[in-house]
Amino acid sequence: MVLASTSRVNFQLDYGGKLEREIAKLLEAFDENKFDTGRYPRRWLAIKLLEADADIVGRVRKMPNGEQIIKLAEEGAGHLKSMLGDDVDLLTADRRYGFINGVVRQSLHRPRMDRITLTDRVDDIVTHKWFGLPVFFAVMYVVFRLVIDVSSPFLDWMDAVINGPVANWFRFILDLVSAPAWMRSLVIDGVVAGVGGVLVFVPGLLMLYFFLALLEDSGYMSRAAFVMDRFMRVVGLHGKSFIPMILGFGCAVPAVYATRTIASRRDRVLTALLVPLMSCSARLPVYVVFGLAFFGARAGTVIWAMYALGILVAMIAGMVFTHTILKPDVTSAFVLELPPYRRPALKSLLIHMWENTREFVRKAGTVILGASVVMWLLLNLPWGVAEQRDSYFGKVSGAIAPVFAPLGYGNWETGGALVTGFMAKEIVVSTMSQIYLGGAEEAAEPAAFTEDIASIGIGFADAAINSGKILLSIIPGVNLLEEDAEGEDTALSLALRERFTPLSAVSLLVFVLLYVPCVATLGAIKHEFGASWAVTSAVYQTVVAWIAAFLVFQVGTLLGFG
Amino acid sequence: MLNQLLYLLETKENGLSLAEIGREMNAQPSAVLSMLDLLVRKGRILEVGPDNKICSTCGLEAHCSLLAARGKRYVLARPGSPQVSLTEAGPHPA
C-alpha cells in the first residue's frame, strides 16, 4: 500500500442533517442551562451524551445541571431513533467508518491483488472432480517409489551391519564369557536373526514417515480426504472416515481410536472394520523383503499395488457391509477446512519421522524380542531336535500348512510365519529370518573392532551416495545409476527365491495385506466396539485374504504366470 | 459502512468469517473487526462457532480449541431463526 499524501487540517466530521441538528440543539441547551463542560470539548460531549455513553453519562450526572442536560440528550436520542430507526451510537459509528473508508479510498493506492492464490490454482487440479483421484494415486505411487527406491541402499547397509559386525560382536562377547552352545544359538539364531531381521527396515520406515509427514504438513492430506469423500460415499461413508484410514497407513491402532471423531456409531464401526485393510507400516518389511527378492527394480510398483489393493478391497468390503449388517443411517455433510499449502518445517518433519519410527524400534525391543525368544524355543523343542520341521513349531505349522497349499505356499515355514504374524505383522519377516537364516551364517574371520566401525561408516557413505543417485535419477533424462547397480541380494532374499515363485510371492503379499489384523488392532476394536466386532473383523479379513490370495495364485497359474 | 455490513450478513444465511467479510467489503480484516465488535455489543449480529452455536453464551469460549482452529463466523441476529437459536446454544468441546 502506498500513502499518497498527509496533511493536518482543522477537522470536524459531518454526521449528516438530522444528527447535526440534534447536536446543535444540545449545544444550545448547554448555553441555556449554563452547563459548563469543563475539560471536555463541547461538541464531543454532546455527541457522547446522544450516544448514551455510560461512562460519560455517569460523569455528567455529577456536574452542575448535569441531570437536565442528560434528560435533554435522552429526548434527542429518542427522537433520532424514531426517525432513523437505530441507536445514535450506531448512526455515529456508521458515519465515522464511512468517512474513514472515504479517506482510505482517496489516500491509499492498493496494488491490484490477484484474488486467485497459488493454493486456489493447485486446488483446481488436486481437488478436481475427475483429476483429483488420479492425482491422489499418482502422489501415493511417487511416495512409495521414493520410499522403496531411495531407502533400499540403506536397507542393504543395515542388513550388512546387523548380520556382519553386530552379529560378530555378539559372538565375541559370547566367546568371552564361554557361553554354552544353546545360549549362542538363542542369541545369534533367535535374537539377532529375529530382531535384526525387523530392524533392517528402520531406514524404510524413516523414509515412509518422512513422506507421510511431508504430505500432511504441506496441506495435501486434507485434499486427499476431500477427494476421497466422493469415493467414500460409494460405501456409505464420507471423507471424515478417510482420515482414520490415512492414519492406518502408519498404524491401525491409533487409526481405530481416531474413529471417535466420527459422529455416527455405524460409521465408526464400519470405518474401524476397514482401517486394518490399509497397509500399516508393519506390513512394509514383508512387502520390501518379497518385493526386492522377486521384483528387483519394480519392487516399488508392487508395493504401491499392495497399498492400492488395500484401498480397493476396503471399498468392496464397505459396500458389502453397507448392504448387509451395517445399513446406512442419515448421512451428514462433510465439512473440511482446506488449509493453504505451506512449506513444511524440516524440524517438524524430522520429529514426526523419529517419533513414529521410535515406536517401531521400541516394539522390536519388546514384542518382537519376546516373540523371537519364544520362536527360538519352539523351534528347538523338544530339546536337541535335529531338524526344525520336527520341532513343536514345525509340527504345528506343518499341520496348518495344507490350508495355505491352494495359495501357493503349503510349506510349514510359511504357515508358521503367517501364524506368528498375528502378534505383529513384521514378525512374519523375523520368523522367516529365524527359520531360513538362523544358524546358517557363521562369521568368517572376525575383523578388528576398528575395522568393523570403518566398514560401517564406509557402507553408510556408499548407501547415501547410491540413494542420492537414485533420487536424482527420478528426474527425467537423468540416469546416474550404472547398469548393474541393482541392490545386493540379502541372504533372506536368496532363501526366499528357493521356496517361492514370483506368483506365490504375490499371493503371499496379498494374504499378508488382508488377513487377520494384529492382536493390538483387535484389542483396540474390542475396546471401542466390543468383542463381537473384533471377532467379525478377524474372521471376515481372514476369509477375504484367503479368497483373494487363492484367486491370485489359481488365476495366475491358469494364465501361465506360475 | 455498518449498514453495508449488516446488509451483507443479511444475504448470507450461514454467516461469514472475518476473512470473508474483509474480502467482500474489500477491507483488511483488522479494519472490519472493530465494526463487528460494535455490532456484536449492540446485539445486531452474533458470533457463532464452527458448529453454529453462539460463542457469547458459552463458558468455554476463551479456551475453545475448536474456535481457535476454525475461527468464528458472524451471523445476523434473527431471534428464532433456524440456524441460530439462543435456546440451542451450548458449549462444544473445549
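The values are calculated or read from the model by the stated rules, or taken from the named source; none is laboratory data. On a predicted model such as this, the values are computed, not experimentally measured, just so you know. A quick note on method: Cβ atoms are made from the backbone with ideal geometry, for glycine too, and the neighbour counts reach across all protein chains shown.
Details
- Restricting attention to region A:317-328, the residues that are in a helix (DSSP H, G or I) and crowded, with 16+ Cβ neighbours inside 10 Å total 4.
- Residues within region A:14-38 that are closer than 12 Å to A:THR92 by Cα and in a loop (DSSP other than H, G, I, E, B), tallied: 3
For every residue, the table says whether it meets (1) at pLDDT below 90; (2) out of contact with any Gly (no Cβ under 9 Å at 6 or more places or on another chain).
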residue	(1), (2)
A:THR37	yes, yes
A:LEU49	no, no
A:PRO64	yes, yes
A:ILE69	no, yes
A:LEU72	no, yes
A:LYS81	yes, yes
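- Within region B:1-14, considering residues that are within 13 Å of the chain's Cα centre (by Cα) and within 14 Å of another protein chain (Cβ to nearest Cβ), the one surrounded by the fewest Cβ atoms within 10 Å (Cβ to Cβ): B:ASN14
- Of the numbered criteria (1) buried (at least 20 other Cβ atoms within 10 Å of the Cβ); (2) out of contact with any Phe, Trp or Tyr (no Cβ under 6 Å at 6 or more places or on another chain), the one A:SER264 fails is (1).
- Helices (runs of 4 or more DSSP H) contained in region A:342-444 and holding at least 3 residues crowded, with 22+ Cβ neighbours inside 10 Å and not basic (Lys, Arg): A:369-380, A:392-404, A:412-420, A:427-437
Here's the yes/no breakdown for (1) modelled with pLDDT under 80; (2) at the interface with another protein chain (Cβ under 10 Å from one of its Cβ atoms); (3) assigned to a loop (DSSP other than H, G, I, E, B):
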| site | (1), (2), (3) |
| --- | --- |
| B:LEU46 | no, no, no |
| B:SER56 | yes, no, no |
| B:LEU67 | yes, no, no |
| B:ARG78 | yes, no, yes |
| B:VAL84 | yes, no, yes |
| B:HIS92 | yes, no, yes |
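- Qualifying residue in region A:245-252 (condition: among the β-branched types (Val, Ile, Thr) and surrounded by 23 or more Cβ atoms within 10 Å (Cβ to Cβ)): no
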